[in-house]
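Only one structure is covered here, and it is reproduced in the block below.
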Amino acid sequence: MKNSLANHSPGVGKVEVFPLFIERNIIPKTHSNSFTIILSGDLDALMDWFIYAKPGQELQLMLQSLVLHLESMYDLAKLPEAVFHAFVSGLLANLRVVYDIRSNADSGFERADILMIPGTSRCPVGYVIEFKSISAGEDMEIISLDAISRIVDKQYDAHVVDAFSATKQVRYLAIVLQGKKVVVREQTK
């Protein structure tokens, strides 16, 4: 089911509205594609990101926009990592048709936050996602690199690699949350 701005504004389509938003600096030109995706309510864009293995920066922009527009600081106050983990898991549930999605799964030497194991040869990229929530003043880049190192050191990709013989690539994603700011960093195996 497609849900676009055109459905909410009779006679005004997404194609006509978004250039106007960009022209008036409502949407920064450098982020226009990602904001078009989010504002149109197009969940297909998030699914496409995983299926077609798009750059991590695009995922960061999508998640950042979703957090800014949907999450409250009250939601993230007590257990921000758990809330964000559940939020992203809910978004990923739409990919169950092509991925076996496991939350808090034993894999390797410990427990991975999210594993996405390809269920079809049409989607040969598997994912290991590690979430981190940090306080103000901590360095998001350092924490994201630590999260990637943890994925590698603890061999969280073990089930992803073993479960599906057509897995050609595994992407490690570190998703770091600081208040409502999101950073996504990636490494490919």
Next on the checklist: Regarding the stretch 2-9, can at least one residue be identified that is at pLDDT below 75 and either of a type in the set (A, V, I, L, M) or under 19 Å from the mean Cα position of the chain (by Cα) (or both)?
Outcome noted: yes
Item to check | Matching option when the condition is closer than 18 Å to Glu58 by Cα and of a type in the set (S, T, N, Q), among Gln178, Gln155, Gln187, Gln169 | outcome: Gln187
Next on the checklist: Can you report the number of residues in the stretch 142-189 which are out of contact with any strand residue (DSSP E or B) (no Cβ under 7 Å at 6 or more places or on another chain), of a type in the set (Asp, Glu) and modelled with pLDDT of 90 or more?
Outcome noted: 2
Item to check | strands (runs of 3 or more DSSP E) (entirely within the stretch 99-189) containing at least 1 residues that are in contact (Cβ under 8 Å) with a residue 40 or more places away in the chain, β-branched (Val, Ile, Thr) and surrounded by 21 or more Cβ atoms within 10 Å (Cβ to Cβ) | outcome: 110-118, 125-133, 169-178, 181-188
Checklist entry - If you check Tyr156 against the conditions, is it of a type in the set (Phe, Trp, Tyr) and in contact with a Lys or Arg (Cβ under 7 Å, 6 or more places away or on another chain)? => result no
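The values are calculated or read from the model by the stated rules, or taken from the named source; none is laboratory data. Everything numeric in this text was worked out from a predicted model, so none of it was measured. Positions of Cβ are generated from backbone atoms using ideal geometry, with glycine treated the same way; all protein chains shown enter the neighbour counts.
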